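Readers should treat all values here as calculations from the given coordinates under stated rules, not as data from a laboratory. These figures come from a predicted structure and were not determined experimentally. Using ideal geometry, Cβ is built from the backbone for each residue, glycine included, and neighbour counts are taken over all protein chains shown.
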Amino acid sequence: MGTYVVTGGASGIGAQVVRDLTGRGDRVLIWDIQSPGFDTPASHERVDLSAPGSVARAAAQMAEPVQGFVHCAGIAGATSVGHANLAEQMRVAYEVHVVAFVSAVQSLLPRLIAGGGAVVAIASAAMDVIYPGTLAYGASKAALRRVIEQLAVEIGARGIRVNGVAPGAVHTPMSASAWADEAYANERKRYIPLGRQSEPSAISGAVLYLLSEKAEYVTGEVLWVDGGVRHGCSTGRWNTSRARRADRSIEEHCSEQATTRTTILRSVSKRGSGRRVQNLHARRIRIDRAPGSSTRRCVPRLGRGHQSRQHLRRDLGR
Ligand SMILES: NC(=O)c1ccc[n+]([C@@H]2O[C@H](COP(=O)([O-])OP(=O)(O)OC[C@H]3O[C@@H](n4cnc5c(N)ncnc54)[C@H](O)[C@@H]3O)[C@@H](O)[C@H]2O)c1
């Protein structure tokens with residue numbers, strides 16, 4: 001049983017972290033601008049993390065050793081270079097995501113050292129993925145990652161590990177209104193390889209791992225718990241026509257495998273076969289002769305390296 005401080009513990013991911021910690025008997029103090037909307041044995045202190053000095057004041061009221069600090073508080077909101085109040089949005093995003101985090105670690109440091117504590121901050125896939133309209137949010141989350149790495153180096157020798165978790169799309173009040181729009185939700189899902197939002201429990205599970213002894217040699221790390229969205233975006237799935245082509249080829253590939261693992265190519269004309277070979281080659285399908293038969297057959301190329309066209313020609317005996 002230990003003592004943990006959780007910012008943003010009144011809602012969403014933070015609330016789940018609070019539930020998981022209190023559920024196993026830990027003492028939890030929530031720092032949040034709003035009160036928790038659920039029954040909890042955790043204590044709550046009203047702290048506005050965007051107000052300079054608020055974190056230091058809250059930390060000064062604590063005396064006992066701390067086993068963990070989890071920074072979940074966050075604010076989204078569309079910002080781009082065209083917004084009139086961009087500078088203020090940037091300031092608030094940096095205050096809540098970055099400055100409050102650094103101030104909390106600084107203020108809690110003696111108690112964290114006394115408690116052999118660990119630190120985890122919730123970053124975001126937006127620290128790497130450039131979603132349009134997330135100028136303040138994405139930039140501040142990218143800065144947060146840099147701060148996680150920096151603090152890990154600075155206080156590692158004191159026995160404090162500092163890590164982050166980068167969620168993709170999580171089912172919380174923060175994302176609720178955007179995801180209530182079906183068209184938006186479907187578009188977002190297209191870029192998530194796992195095809196859905198995560199629940200807060202998936203993020204909390206990663207947080208608890210990073211706080212635990214199981215992660216005793218992990219520091220300065222940001223663990224992605226994003227359903228693969230950074231790969232979904234970086235590999236061109238934002239480009240819808242390409243994404244559709246890729247989906248179609250996978251469907252074809254799977255249905256070919258489901259019906260028969262060997263499709264007989266009845267007639268491959270000398271002239272046409274070259275183009276056919278190229279097409280099949282692009283779809284990672286190997287062509288060879290059925291045993292004891294003069295017909296050529298088409299075999300999905302499972303687990304084999306990509307053969308050159310010359311190799312395919314050799315397989316065909318041409
Ligand atoms: N929901 C997602 O899809 C998603 C994706 C990636 C990252 N994240 C990050 O996860 C974290 C938690 O987000 P969530 O989805 O649970 O959102 P949420 O809105 O449910 O919870 C955020 C909490 O932060 C608190 N908070 C906001 N501003 C504050 C301030 N100035 N002072 C004190 N508390 C403040 C809120 O009161 C709230 O309790 C955030 O850092 C967010 O950026 C969320």
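Observations on the structure shown:
- For GLY156, the shell of other residues with beta-carbons less than 15 Å away shows a net charge of -2, using +1 for Lys and Arg and -1 for Asp and Glu.
- Overall form of the range 102-187 per C-alpha gyration tensor (a/c, 1.5; a/b vs b/c): prolate
- Each residue of the range 166-176 was assigned a 3J(HN,Hα) from its phi angle through the Karplus curve 6.51 cos²θ - 1.76 cosθ + 1.60 (θ = phi - 60°); the sequence is 10, x, x, 10, 10, 7, 9, x, 4, 9, 4 Hz, with glycine and proline shown as x.
- Around the amide H of SER198, modelled in the peptide plane, lie the amide H atoms of ALA169, VAL170, HIS171, all under 5 Å away and 5 or more residues distant in sequence or on another chain.
- Charge tally in the Cβ shell below 12 Å around GLY12, where Lys, Arg are +1 and Asp, Glu are -1, GLY12 excluded: -1
- Packing-based order for 111-119, 80-88, 50-58, using average beta carbon neighbours within 10 Å, highest first: 111-119, 50-58, 80-88
- Couplings 3J(HN,Hα) for the range 114-122, derived from phi with the Karplus relation 6.51 cos²θ - 1.76 cosθ + 1.60 (θ = phi - 60°), are 5, x, x, x, 10, 10, 9, 10, 8 Hz, where x marks Gly and Pro.
- Local electrostatic count, CYS72, Cβ distance below 14 Å [Lys/Arg +1, Asp/Glu -1]: 0
- Sequence-distant residues sharing a close amide H with ALA121 (under 5 Å, placed H): HIS71, ASN163, GLY164, VAL165
- One Cα centroid belongs to the range 87-112, the other to the range 1-48; the line between them spans 18 Å.
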